[in-house]
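**Student:** Shown below is the structure under consideration.
The values are calculated or read from the model by the stated rules, or taken from the named source; none is laboratory data. Because the structure is predicted, anything quoted here is derived from the model rather than measured. Cβ placement follows ideal geometry from the backbone for every residue including glycine, while neighbour counts extend to all protein chains displayed.
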Amino acid sequence: MIWAAEAGDPVSRPVFYSLPLWLTITFYVVAVATLVWFFYAVARKIRRYRSGRQDPADRPAWRRLPGALLGVFTNRNVLRDNWYAGLAHLAVFWGFVGLFVATILVLVDNDILHPLLPSWTFMKGDFYLVFSWLADFSGAILVVGLAMFVFRRAVLRPRQLRVEERDDVAFLKPRVVRWEDWAFLVLLLTAGLGGFFLEALRIRATNPSFEGVSFVGWLLSGWLGDTGVTASGADTTFGYLWVFHALSAMALIAFIPTSKAWHMLAGWYSLAVKPARIGDMPPAVPTAGGGYGRLEDLSRGELAILEACIRCGRCHVECPAAEGGFPLSPRDLILALQVSARRLLPGLRPAPGTTATAPALAGEVIPASWLWSCTSCLACDEVCPLGIQHLPLILQMRRDLVARGEVSDRIQDTLTNVMRYGNSLGQSPRNRARWVKELPFEVKDARKEPVEYLWFVGDYASFDPRAQAVTLAAARVFHAAGLDFGILYEAEQNTGTDVRRIGEEGLFEMQRDKNLQALAKAQFRKILTTDPHSYHALTREYGSLNGNGGVPVLHHTEVLAGLLESGRLCIVAPLRGDVTYHDPCYLGRYGRVFDAPRRVLTALGAPLHEMPRNRERAFCCGAGGGRIWMEDVPGVKERPAESRVREAAGLKGVGTLVVACPKDLVMFRDALKTTGLEEVLAVRDIVELVEDAIGATQRSEA
Ligand code: SF4
Ligand code: SF4
């Protein structure tokens, strides 16, 4: 068949070039069947989502939609932490969008306008030339992006893409995951390359002079000519390749709602409902324990968001539990939930060989050991490019475990300690402020006299002998600066923030109320704390303190930075030796306090070397989320604190790891012993360095 423009304009092309009518009709039948399957699969998916709980938080925050759209169009989340994967995704995204728009334009022109106005087409002249160039450009970047992904998956094989076989979870089948990942890539690549070869065959068969704008097809057609493909050979081959191309495109469309390709739609939703501030405790839900006991307890939005996961594995490589060899991987958690929801919702559809009883979510669908491995460090939520929030799901499932009494003896003992004594260490409340006796000056009791700063000390800083030394140093520095401060003495209680992350909401509320009552009886203008976990509770979890015009709450690094910069603390002995600084999770990622500690170190004259994982990407010490109270998990390769001190010790010339959290101090000092790095590295709280630097004169004058 000889090519000819349908609308009398030579600068155009017919859609079904050289195809017999029966094939064209078959194409439409298959296309309609594919679309019917697509919408059927989508309807089943929506039915599954609707078996979840209704939750107002599922509504997208429309005012943040422009930002979410900008994020999607620029791919900034994907580019943020991995330029290679980000660029590949950017190319695939825009290539796909370009080809999708091109297909819609052809559909409108050929299938809607053409039947109504047979002699009219907009696919001609200059419009056609621009269209053709853009379609080729889109296809080219799509193929380049896909080739980058294939190279990464097949050759580079980064750890984050490897989903390992595991026998502790029933529904997650890594082989199926790998198959699906490859199938998605291959289908896209087949569709992209097939389109180019079809175009090349058409150009080879018809040789229109203006088709140089279809630059990829034009070059390929030249290559076909060089390899001996004649015009009539191209004409014959075109039909076969066309059938293959159409089938692969239909397979891709059918694949979208049943695979990770669905992230193209679910990802938008996930980003649109992502909270503006991550790290808030999820509200208790109306179940027996207030947490998630069944898959149906997840909200509809959460069920949808599970399917936004692209298995990029960023959460997996950031997770201290996964890195250390604990059973948990946040990526595998999302995948296991996703697959279980597909298998078990709506209603129970048990796997062959399983019983018909719906498995408990926490402990059966997701092993309890996964849930107890989490340190609540928030690294996964911070890094996920699709805005998926893993931690709230883990915390909801922990609540259910606690409600069912499925907690270890050690956790149970700690909870009992908090309830009975108001602290996690099981010490008498009268001992809480015993450390003040070692000071040569009085520390005011804020319950009895007004102070400017109410110092909320926290459990570890009050009771642990190693942390107490830092508490004493802090008191001396505050005193030297002339700070008007006081404490609550035995009226201070554990804030309950870690208790809450264990899953004991009721006990948290009790602790919060006791602390709020004690604070209400004291007279102060600001709260100061040396403990990031208390900082988090006081800034974000103690509602009446945090409302509009609430009490300012400061971490000691913020106060110290102000004192040093205003000259109230004078440096007489600048620090010697290079240091590195560890961002505590609850101060950094949760509280976004990154600069104050660095300002302090700058004021001290300390050459600061950043660890590779710093600020938002800082690695966890392994103590948070109540993990400091739990037993070690058998088979752990390396504890997070050990990994962190090795990272610090790996910095050339650095002799001090500076911390700003009592738990970090304890964890890292222990880790120095177990790693044998005691001779190489010292762990010191930032306030100890300040005390060294201000010298004895200022201290004694004070
Ligand atoms: S919060 Fe931290 S420990 Fe828990 S799953 Fe996320 S990255 Fe892992
Ligand atoms: S949950 Fe997010 S970060 Fe983790 S693998 Fe999925 S998309 Fe990647």
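**Student:** Being under 23 Å from Arg644 (Cβ atoms), in a helix (DSSP H, G or I) and touching a residue at least 12 places away in the same chain (Cβ under 8 Å) is the filter here; which residues of segment 305-331 pass it?
**Tutor:** From segment 305-331, those under 23 Å from Arg644 (Cβ atoms) are 313-331; that's our starting set.
Narrowing the set further to residues that are in a helix (DSSP H, G or I) leaves 314-318, 320-324, 330-331.
Selection gives Arg314, Cys315, His316, Val317, Glu318, Pro320, Ala321, Glu323, Gly324, Pro330, Arg331.
**Student:** Another question, then. Name the residue that is nearest to ligand 2 (Cβ to nearest atom), counting only residues in segment 332-348 that are in contact with a Lys or Arg (Cβ under 9 Å, 6 or more places away or on another chain) and not in a helix (DSSP H, G or I).
**Tutor:** The residue in question is Leu345.
**Student:** Right, something else. Quick check on this structure: which one of Ser340, Ser270, Ser299 is modelled with pLDDT of 95 or more and of a type in the set (Ser, Thr, Tyr)?
**Tutor:** Within the list Ser340, Ser270, Ser299, the selection yields Ser299.
**Student:** Go through segment 382-396 and report how many residues are within 9 Å of ligand 1 (Cβ to nearest atom) and either under 18 Å from Arg615 (Cα atoms) or surrounded by fewer than 22 Cβ atoms within 10 Å (Cβ to Cβ) (or both).
**Tutor:** 2
**Student:** Continuing with the same structure: Select from segment 166-193 the residues that are over 19 Å from Gly95 (Cβ atoms) and in contact with a Ser or Thr (Cβ under 6 Å, 6 or more places away or on another chain) and list them in ascending order.
**Tutor:** Selection gives Phe171, Glu180.
**Student:** What number of residues within segment 384-420 are within 13 Å of ligand 2 (Cβ to nearest atom) and of a type in the set (Lys, Arg)?
**Tutor:** Number of matching residues: 0.
**Student:** Within the set of pairs 6+ apart or on separate chains, which have a first residue in segment 354-383 that is within 14 Å of ligand 2 (Cβ to nearest atom), a second that is modelled with pLDDT under 90 and of a type in the set (A, V, I, L, M, F, W, C), and C-beta atoms under 6 Å apart?
**Tutor:** That search, which allows pairs on different chains as well, returns nothing.
**Student:** I've got another one for you. On the given criteria, is Ala379 at pLDDT below 95, within 16 Å of ligand 1 (Cβ to nearest atom) and outside the structural domain of Leu483 (by TED's automatic domain parsing)?
**Tutor:** It is false that Ala379 is at pLDDT below 95, within 16 Å of ligand 1 (Cβ to nearest atom) and outside the structural domain of Leu483 (by TED's automatic domain parsing).
**Student:** Pick out the one residue from Gly212, Gly222, Gly195 that is surrounded by 21 or more Cβ atoms within 10 Å (Cβ to Cβ) and either in a helix (DSSP H, G or I) or under 34 Å from the mean Cα position of the chain (by Cα) (or both).
**Tutor:** Values: Gly212 fails: surrounded by 21 or more Cβ atoms within 10 Å (Cβ to Cβ); Gly222 fails: surrounded by 21 or more Cβ atoms within 10 Å (Cβ to Cβ).
That would be Gly195, the only listed residue that is surrounded by 21 or more Cβ atoms within 10 Å (Cβ to Cβ) and either in a helix (DSSP H, G or I) or under 34 Å from the mean Cα position of the chain (by Cα) (or both).
**Student:** Within segment 35-124, considering only helices (runs of 4 or more DSSP H) that don't extend past its boundaries, which have at least 1 residues that are of a type in the set (Phe, Trp, Tyr)? Spell out the reasoning first.
**Tutor:** On the way: elements: 65-74, 76-81, 83-107.
Where helices (runs of 4 or more DSSP H) fall fully within segment 35-124 and carry at least 1 residues being of a type in the set (Phe, Trp, Tyr), they are 65-74, 83-107.
**Student:** In segment 496-517, which residue that is of a type in the set (A, V, I, L, M, F, W, C) and surrounded by 23 or more Cβ atoms within 10 Å (Cβ to Cβ) is nearest to the chain's Cα centre (by Cα)?
**Tutor:** Ile502
**Student:** Search segment 414-443 for residues being touching a residue at least 24 places away in the same chain (Cβ under 8 Å), loosely packed, with under 13 Cβ neighbours inside 10 Å and part of a helix (DSSP H, G or I), and hand back the single one that is farthest from the chain's Cα centre (by Cα).
**Tutor:** Looking at residues that are touching a residue at least 24 places away in the same chain (Cβ under 8 Å), loosely packed, with under 13 Cβ neighbours inside 10 Å and part of a helix (DSSP H, G or I), I get Glu438.
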